[in-house]
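Here, each number is a calculation from the coordinates, and none is a lab measurement. Quantities reported herein were computed from a predicted structural model and do not represent experimental measurements. In this analysis, Cβ positions are derived from the backbone assuming ideal geometry, glycine residues included, and neighbour counts consider all displayed protein chains.
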Amino acid sequence: MLRYLVFAMVLSVSTAHAVELHHVEVRRGTDGLSPVSLALNNDAGEAIACSADIAHWYSVELATVDPGAEIRIELWFEPETGTYSVLNDKRENLPVERLWCGFEGRAYATRAQIVLERTALPTERPVSCGGTANRLSCG
């Protein structure tokens, strides 16, 4: 019995795949980028939370907005690639794949995506969010 267990373990180790890691150059600062300010108005009856998906598995919270309030979310746009970015505390560029808002406390389940134009470059874009208790709507 032990012999079969050892044999199975040896077989499972031989099918493992190695992963080669590569250095990734992280862009810092805003040189060559244009500022874009989203003027986000919360017309919903409760607070909303807005986040940016910056990788398939990771998102960063950008802002929480009280009912009836307006805030600005600062993004940075690279015209050559059509990429929007947010800056972290080290001023590293975090490319935004998707920007969305939802009701605070259940933001993901009630989210509405905010479409980012990848070709035009507005310096300020008004966005108004409202909706029902089950789903936020932003446009």
Inset, instruction - Report the local net charge at E80: Lys and Arg +1, Asp and Glu -1, summed over other residues whose C-beta lies under 14 Å from its C-beta. - result: 0
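Over all directions, average the projected area of the Cα convex hull of region 31-131 and note it in nm².
Values: hull surface 25.6 nm².
Taking a quarter of the hull surface, the average projection is 6.4 nm².
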Legend entry - Hz values of 3J(HN,Hα) by residue in region 30-39 - Karplus curve (6.51, -1.76, 1.60), Gly and Pro given as x: 10, 4, x, 10, 10, x, 10, 10, 8, 8
